[in-house]
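Asks: Below is one structure. I have some questions about it.
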Amino acid sequence: LWGLGNKFKQVKKSYSEANKLLGDLIKVEERAAELSFPLSVVEFLQGHIGIPHGGFPEPFRTK
């Protein structure tokens, strides 16, 4: 089994203990409405910096 799924109760207990020790410092943030990438990433995906060996994977070619 991958991940911590089989240890969920232990993880939940540890999370609760850490939260109490740290004074409710552990927060869950809302997901951003928009995701932005650095210009270098955008330019790379547009093919301005070069093309990776074997080309771009399918999701990048069609979207």
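Asks: With +1 on each Lys and Arg Cβ and -1 on each Asp and Glu Cβ, how big is the dipole of the chain about its Cα centre, in debye rounded to the nearest 20?
Replies: Values: 9 positive and 7 negative charges, 95 e Å.
My answer is approximately 460 debye.
Asks: Still on this structure, please answer the following. Using a basic spin-label model with each label point 7 Å from the Cα along Cα→Cβ, how many nm lie between VAL28 and PHE60?
Replies: Output for this residue pair reads 3.3 nm.
Asks: Of VAL28, VAL11, HIS48, whose Cα points farthest to the positive end of the dipole of the chain (charges on the beta-carbon: +1 Lys, Arg; -1 Asp, Glu; origin at the Cα centre)?
Replies: Result: VAL11.
Asks: Throw me the Rg/Rh for region 5-62, computed over C-alpha atoms with Kirkwood Rh, two decimals.
Replies: Values: Rg = 20.6 Å, Rh = 15.9 Å.
Result: Rg/Rh = 1.30.
Here, each number is a calculation from the coordinates, and none is a lab measurement. Predicted model, so just to flag it, every value in this text is computed and none were measured. Virtual Cβ from ideal backbone geometry, glycine too; neighbours counted across all protein chains shown.
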